[in-house]
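The values are calculated or read from the model by the stated rules, or taken from the named source; none is laboratory data. Note that the structure is a prediction, hence the values are computed from the model and not measured. A quick note on method: Cβ atoms are made from the backbone with ideal geometry, for glycine too, and the neighbour counts reach across all protein chains shown.
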Amino acid sequence: MNKQGKTTKLVRVKVTPGARRESFTELRPGVFEASVREKAEGNAANTRVRALLAIHFKVSAKAVRIVSGHRAKSKLVSVPVTQNGMTPVAGRSANVQRTTSIDNHKLNRALRV
């Protein structure tokens, strides 16, 4: 539980900033790989990674928090979960590698929430 009494799940994300093509892949449960177009300057790449995780887990981008690795490519990120301990996307096949291209409209909408 965090300070507000909400339950969270920790996930690992390996980030490649400044990529030509953006991608977001779940390698195995709780481990992701993200390539983002934003440079690793001014927190732009971290903001994009938070938004991609928010879209994947169907939560607010403000609720996704980087716990460690703010300046590193490998990050530990906290994502809120429901009462039963599952993330809001429970039911998806966890062992299937998924790549998602996120368009800017969805990203901007996730950042506004």
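Pick out the one residue from 93, 74 that is of a type outside the set (A, V, I, L, M), on the phi < 0 side of the Ramachandran plot and at pLDDT 90 or above. Lay out the reasoning, then the answer.
On the way: 93 fails: at pLDDT 90 or above.
Result of the check over 93, 74: 74.
So which residues in region 10-33 are part of a strand (DSSP E or B), at pLDDT below 95 and either of a type in the set (Phe, Trp, Tyr) or crowded, with 16+ Cβ neighbours inside 10 Å (or both), if there are any at all?
Once the filter is applied, which keeps residues that are part of a strand (DSSP E or B), at pLDDT below 95 and either of a type in the set (Phe, Trp, Tyr) or crowded, with 16+ Cβ neighbours inside 10 Å (or both), region 10-33 yields 24, 26.
Report, by residue number, each residue of region 47-68 that is of a type in the set (D, E, K, R) and farther than 13 Å from residue 9 by Cα. Spell out the reasoning first.
Going residue by residue through region 47-68, those that are of a type in the set (D, E, K, R) are 48, 50, 58, 62, 65.
Across region 47-68, the qualifying residues are 48, 50, 58, 62.
If you scan region 2-45, which residues turn out to be in contact with a strand residue (DSSP E or B) (Cβ under 6 Å, 6 or more places away or on another chain), in contact (Cβ under 8 Å) with a residue 60 or more places away in the chain and hydroxyl-bearing (Ser, Thr, Tyr)?
8, 23, 25 - these are the residues of region 2-45 that are in contact with a strand residue (DSSP E or B) (Cβ under 6 Å, 6 or more places away or on another chain), in contact (Cβ under 8 Å) with a residue 60 or more places away in the chain and hydroxyl-bearing (Ser, Thr, Tyr).
Give the residues of region 46-79 that are among the charged types (D, E, K, R) and either part of a helix (DSSP H, G or I) or in contact with a Leu (Cβ under 9 Å, 6 or more places away or on another chain) (or both), sorted by residue number.
If the condition is that a residue be among the charged types (D, E, K, R) and either part of a helix (DSSP H, G or I) or in contact with a Leu (Cβ under 9 Å, 6 or more places away or on another chain) (or both), then 48, 50, 62 are the ones that fit.
Taking region 10-37 only, how many residues are basic (Lys, Arg) and touching a Ser or Thr at 6+ places or on another chain (Cβ under 6 Å)? Don't jump to the end; show me each part of the working.
First, pick out the residues of region 10-37 that are basic (Lys, Arg): 12, 14, 20-21, 28, 37.
Next, from what is left, pick out any that are touching a Ser or Thr at 6+ places or on another chain (Cβ under 6 Å): 14.
Residues in region 10-37 being basic (Lys, Arg) and touching a Ser or Thr at 6+ places or on another chain (Cβ under 6 Å): 1 in total.
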